[in-house]
Structure formats: C-alpha cells, structure tokens
There are 2 protein chains.
Amino acid sequence: MNITQIIEHFSNYTPLNNEEIECLESKLTERKVKRRQFILQEGDVCKHISFVVSGCFKMYKVDTKGTEHNLQFSIENGWIADLGSFHSEKPSELYIEALEASTILQITRPDLILLYTNFPKFDRIFRVLIENAFVSLQKRVLQNISSTAEERYVDFLKTYPSLFNRISNVQIASYIGVTPEFLSKIRKNITSK
Amino acid sequence: MNITQIIEHFSNYTPLNNEEIECLESKLTERKVKRRQFILQEGDVCKHISFVVSGCFKMYKVDTKGTEHNLQFSIENGWIADLGSFHSEKPSELYIEALEASTILQITRPDLILLYTNFPKFDRIFRVLIENAFVSLQKRVLQNISSTAEERYVDFLKTYPSLFNRISNVQIASYIGVTPEFLSKIRKNITSK
DNA sequence: CGAAAATTTGACATGACTCAACTGGAGTGG
DNA sequence: CCACTCCAGTTGAGTCATGTCAAATTTTCG
C-alpha cells in the first residue's frame, strides 16, 4: 500500500510526525475498484470515508422517477463518503460509483474516532478540510438559486477544468441540475457565439 | 454578558471544563443589533463568527440585477458568518442582516485560533458543528437540482417549522430560489388541494 | 465487431419569471 | 386618532427557460 500520496495531502494542512503517520497507516485499507462498481448503495450504511488515490467517483441520489442527481465528483486527492450516513450510522439514500477504474484508501468510523482521540491534530485537519468543502458547497447553492443553467455550466467548466474532458456531459448535466438534452442545447448555443 | 446559552450549546457536543469556559468567555464579545442592521456587507472582510443568542439573521448575495438571494438564516443557538471570507481574509460578496432585533456573541479569527491552539477540544467541537452544517447543505443542493419549486417550499416548511411564522414569504422565496410572485402562486395552489 | 451509452435535434408541453396593477396590513408622523 | 407611506402579498397576461418524448446519429468500450 502506497500512502505517500495521502501523507502529502495531509501535509498541505499540517505536517505529520512519524507516530501519526504510523497510526494513520495502520487504519487505512487499500481497495481497487472497477469502473461502474459501487462503493455505497442506497439502503446501506456508509461504513468508510474514502481517499481517492487514483480514478474518479460520482455520488448521487436516484429520485422516484429513477433519475440520477449527482451531488459530488471526486478525483485523485479528493475524499468521498456520505458523511451524514457515516456519522449517524443510518442507511444512506445515496450511491457512490466509480466512473473509472480507481484506487482508494478507506477508513472506518471506529478507526477514525481512534485517530481523532490519539491525535487531536486530525480533528484540526479534518475541520479545515470540511470547512473548505462547506464553503465550496455554499457557492454551489448560491449558483443554483441565482443563475441560469448556462451560467452554471460555464461556471462548472471554469471551476473544474480537469473534469471537463474526463466525464460525460450526461454526468455534468446531472450535477448542474438540467436534463442532458437541454445541456446539449446550451452547448450548441455557446459554441455558436 | 450571559454566556450560559453558548456553554449549553457547546455541551451538546462535549462538556467544557472551567478553564475552557473561562478562556472562551474572555474571547467573546456581546453585541446588540437592531432590525435591518448589517453585521457584514459586501466588500468587507468577515472579521467575526457570530453565535446568535436571540433574534434572527439572513445571509445573502445581491446579484448584478440587484436581486437578493438568501444563502442562510440563523436564529437562537445558531451560528452565522461568511466562513470563506473569515478564513481567507478576503472581501466578502455577502451581506448579513438582522431580520429582528438580536443579541449575538462574536469571536475574531485570531481569538478563535488561540482557542483552537489552547484547547484542541474546540477543533473537535467545530469540526462536528461544520460537519452537520455540511450535511444539511448537501441535502439542500440535492433538493435544488432534483425538485420543483413547490417541493422545495413544502420541504422548507417541514425542515424549518420555527421559521414559517417568523419570516416573510419574500425571504422564503429568496431562499428556495423562486420569485415572490411565483411562491404566492405555489401557496395558492397548495391551499386549494 | 457489436451492444450500450452518449449526444444531438425537433416539436411540443410546462415551469417559472417579468411586469404591472391592486389589496391590505403595519408602522409613523402630524 | 387619522392620513400616509411602505412593504408584503396576490393576481393575471404574456414571455422565456427548461423539461419531455421520440428518433436519428455518433461514440465508447467490452
């Protein structure tokens, strides 16, 4: 198991000493996931939070009509989990599915709690991580309630340029909250400008 | 300054000892705010996070057309701040305005950092606080991209029953992302069912 | 290669916005 | 206590944004 990447990731927030690294490593489990494979399905409790070493995931909800709605994408050096289910230990309403063959490092809730208890530094790190995610999500909410679909699409491309050539427009449409057909019309409209 | 309320609030997460309470108290500043008064305006850096002792606030963005878009309400025992501006120390794009005469307890960023450094327990508490806020925000994003305006309105009433009889429909409309006129039609449609 | 998924297109339906007008409180000052 | 203003809420007509459905075409991946 190669953990240099996650160590590097944490070091962007606070450097870890050997003891912390050792404890962290002992709690992580590496997992290889194939394209289209699920690491969480509706009805299951989200038992792990996952650090993406390589690959790409989407987390989404399926509504009563069977339509998927993408809540989040995660690529290398990102995290993915249904945090609500993970902490409450209640069944999730979400799916997490690999969009590419991927490698992840997983940690369970009991192990994460141990990590927090042994090294409060991890409380700090995850507080900052989640604060950043929270601020990004606030921007998204503001966009959703104040912008047109075209503006949301353009902003998506600007905010996540690395995803543009990596995921299909169907996935982007689901993320910004429009139908694939309408996104196609938006794209046509943009290129004709 | 009465700090029993905020102590109580923190105790829901982890009990505080006397030393922690004393340090916390020394960093808090009480402030009385009149109805329609701002505690943050666009262009200013958000210098404090505020705990609401009593009253009600809205945080919103004003778009290029001058329309307000409500990102968040906060009432008694809630928190309010532009966390992005607060941490980056860059000018905010948001306004925070009192909807009622209110009392708040404020803490600055340097003081909060001191608190974190002296007592890692506060890292833990704020991590959990922000995790909960994050999960709520995720639900809101999912609603925004998957539901009709009527569904969002009904869900708002169910999720925040205490706000229903406390803020105007104009404010609710701005929060769920529709015009006040259209919300009026939604309400008419609901009552006729 | 072959099947499944992604993308595009068009006709039509519906959701939601705009604008303007009107109504009815809730303050406010004389 | 009245007249006044201001703001919230409602209504309707017209318009624009976006969804639905079906079909044709292209791309992707096993």
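Considering only B:Leu183, B:Ser136, A:Thr159, the residue lying farthest towards the positive end of the dipole of the protein assembly as shown is B:Leu183, judged by Cα position with unit charges set on Cβ. Per the Debye formula on identical point scatterers at the alpha carbon atoms of the range A:37-83, with no solvent, log10 I(q)/I(0) at q = 0.16, 0.21, 0.22 Å⁻¹ is -0.45, -0.75, -0.81. The residues packed around B:Leu142, meaning those with a beta-carbon under 12 Å from its beta-carbon, carry a net charge of -1 if Lys and Arg are +1 and Asp and Glu are -1. Give me the distance between the Cα centres of the range B:163-181 and the range A:126-182, rounded to whole Å. When both Cα centres are located, 25 Å separates them. Remark on chain A: hydrodynamic radius 18.0 angstrom, per the Kirkwood mean of 1/r across alpha carbon pairs.
With contacts taken as Cα pairs under 8 Å and at least 6 residues apart, the range A:3-118 reaches a relative contact order of 37 percent. Couplings for the range A:49-57, taken from phi via the Karplus curve 6.51 cos²θ - 1.76 cosθ + 1.60 with θ = phi - 60°, read 9, 10, 9, 8, 7, 7, x, 7, 10 Hz in order; Gly and Pro are left as x. Simple point charges give the picture: +1 on the Cβ of Lys and Arg, -1 on the Cβ of Asp and Glu, and for the range B:56-186 a dipole about the Cα centre of about 260 debye. Given the -39500 (n - 2.57) contribution per DSSP H run of 4+ residues, what per-residue ellipticity at 222 nm results for chain A, rounded to the nearest 500 deg cm²/dmol? About -15000 deg cm²/dmol.
Number of Lys-Lys pairs in chain A with C-alpha atoms under 22 Å apart and a separation of 8 or more places or on different chains: 20.
Per residue, the convex hull spanned by the Cα atoms of the range A:110-188 measures out at 126 cubic angstrom.
From the C-alpha gyration tensor of the protein assembly as shown, pull out the three semi-axes of the equivalent ellipsoid (sqrt of 5λ each), sorted largest to smallest, in whole Å.
Value: 32, 31, 19 Å, ordered largest first.
Need one word for the range B:89-136: rounded, prolate or oblate. Basis is the Cα gyration tensor (sqrt eigenvalues a ≥ b ≥ c); a/c below 1.5 gives rounded, then a/b vs b/c decides. Prolate, because a/c is 1.5 or more and a/b exceeds b/c. By the Kirkwood approach, averaging reciprocal distances over each pair of separate Cα atoms, the range B:3-48 gets a hydrodynamic radius of 13.0 Å.
Ordering of B:119-126, A:131-138, A:4-11 by packing is B:119-126, A:131-138, A:4-11, highest average first (other Cβ atoms within 10 Å, averaged per residue). Look at the dipole of the range B:1-146 built from charges on Cβ: of B:Val52, B:Leu114, B:His9, the Cα furthest out on the positive end belongs to B:Val52.
Values in this text are rule-based calculations from the coordinates and carry no lab data. This structure is a prediction, so every number in the text was calculated from the model and none was measured. When we count neighbours, we look across all protein chains shown, and the Cβ atoms used for this are built from the backbone with ideal geometry, even at glycine.
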